[in-house]
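The values are calculated or read from the model by the stated rules, or taken from the named source; none is laboratory data. Everything quoted here is computed from the prediction, not taken from an experiment. Using ideal geometry, Cβ is built from the backbone for each residue, glycine included, and neighbour counts are taken over all protein chains shown.
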Amino acid sequence: MPVFPNNLSLRQLRAFDEVARQGAFAPAARELCLTQSALSESIRQLEEAVGMRLFDRTTRTVGLTSAGQAFLQDVRQAFETLEQGVQHLSDLAALRRGKVRIAAAPSVLAVLLLPVLPQLRAQHPGIEVELTEDSAEGIALRVHDGRVDFGVGAAHPAGAELLTQPLLSDRMGLVACADEPLLHRPTLQAADLAHLPFVGLTTDTAISQLLAAAPGMPANVLQTPLRVSNPGLLFDAVRQGLGVSLIPALTAQHPARDALGFRVLDTPQIVRRTLLIQRPRRALSPAAQLLCNALRQQVLQLAQQPGMVQD
């Protein structure tokens, strides 16, 4: 365990450093805006705290003892480290540096987070950002364990103790090749998909779980022979004619959807809620708060799209 006497203060160390620098008490006292007697008392208390004489005093000069010379090097190194630490904090507060770690669903990363990074990098080039794709359960666990600053995704029982704030609600809709007739119907029901091959997401995803819990889902949606783990693969499968799928409106904004068509489902209305997920009683760093604010602005813009509403 480190040993640092309770009766040793930063003021005493500053006094020691200045007396050593000046080689006399009078000019050191003037530099520190102290009386000479107050400075002498600080040095006396310091020597008492460390149990060593640090200065050899004569009527005209003050010189360091051998112990004082060794201690001076350590004190100045400690001051340098402390000043670097204070500067580091200043840089963090002023957003000159920092690191933000975020876990989110794949569509959130692609549609909400990546688009805000070019401006962030231009304005704050010293901020590092680490984005991790994960499932709803994985996001909750990463936030709970402190491996990320915050998460963005659906609610999950693993995150029951976490602090959540609503960001966006979006409805499920059909994604299919542009020539699929169902995309152009006046109304669209889940039952209309019963005769089509269906491509699903793996059962650990929040989207798959939403569909499983929704009323009136046809059997081919719930028991599809093809499941993939992320939207990019799903869009590729649809594009190659392997089937149609149901995805939230936010996921439909993913760049990988490209020329595929999207149509919000009228019946049943299946709503997914995307949340900001944080550890309770833990303030975000200035850099993380900056990115969080940029995320909210991106949500405002996307809420104008069909099937999406800002919460």
Before we move on, is Ala160 out of contact with any helix residue (DSSP H, G or I) (no Cβ under 6 Å at 6 or more places or on another chain), of a type in the set (A, V, I, L, M) and either surrounded by 15 or more Cβ atoms within 10 Å (Cβ to Cβ) or in contact (Cβ under 8 Å) with a residue 60 or more places away in the chain (or both)? no
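How many of the residues in region 245-294 are acidic (Asp, Glu) and under 20 Å from Ser169 (Cα atoms)?
As a first pass, look at region 245-294 and keep what is acidic (Asp, Glu): 258, 266.
So of that shortlist, the ones also under 20 Å from Ser169 (Cα atoms) come out as 266.
Qualifying residue count, region 245-294: 1.
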Looking only at region 244-284, and only at residues there that are surrounded by fewer than 16 Cβ atoms within 10 Å (Cβ to Cβ) and polar (S, T, N, Q), the one that is nearest to Leu113 (Cα to Cα): Gln269
Going by what's in this entry, would Thr164 be described as of a type outside the set (A, V, I, L, M, F, W, C) and under 30 Å from Ser285 (Cα atoms)? yes
All but one of (1) modelled with pLDDT of 90 or more; (2) touching a Pro at 6+ places or on another chain (Cβ under 9 Å); (3) not hydrophobic (A, V, I, L, M, F, W, C) hold for Gly98; state the number of the condition that does not hold. (1)
Result of the Cβ filter at 6 Å on region 207-221, keeping first residues that are among the small types (Gly, Ala, Ser) and partners that are assigned to a loop (DSSP other than H, G, I, E, B), at least 6 apart or interchain, is Ala214/Pro268; Ala214/Ile270; Gly216/Pro268
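A quick yes/no check of all residues on (1) more than 19 Å from the chain's Cα centre (by Cα); (2) surrounded by fewer than 14 Cβ atoms within 10 Å (Cβ to Cβ); (3) closer than 20 Å to Arg282 by Cβ; (4) not assigned by TED's automatic domain parsing to the domain that holds Arg296:
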| site | (1), (2), (3), (4) |
| --- | --- |
| Gly68 | yes, no, no, yes |
| Val75 | yes, no, no, yes |
| Gly126 | no, no, no, no |
| Ile139 | no, no, yes, no |
| Val143 | no, no, yes, no |
Specify the residue that is nearest to Arg76 (Cα to Cα); the eligible residues are those in region 23-61 that are of a type outside the set (Val, Ile, Thr), in contact (Cβ under 8 Å) with a residue 40 or more places away in the chain and in a helix (DSSP H, G or I). Ala49
Going through region 224-277 one residue at a time, which ones are over 21 Å from Thr203 (Cα atoms) and touching an Asp or Glu at 6+ places or on another chain (Cβ under 8 Å)? Arg239, Ala256, Gly261
If we keep just the residues of region 290-311 that are among the polar types (S, T, N, Q) and in contact with a strand residue (DSSP E or B) (Cβ under 9 Å, 6 or more places away or on another chain), which is nearest to Ala155 (Cα to Cα)? Gln310
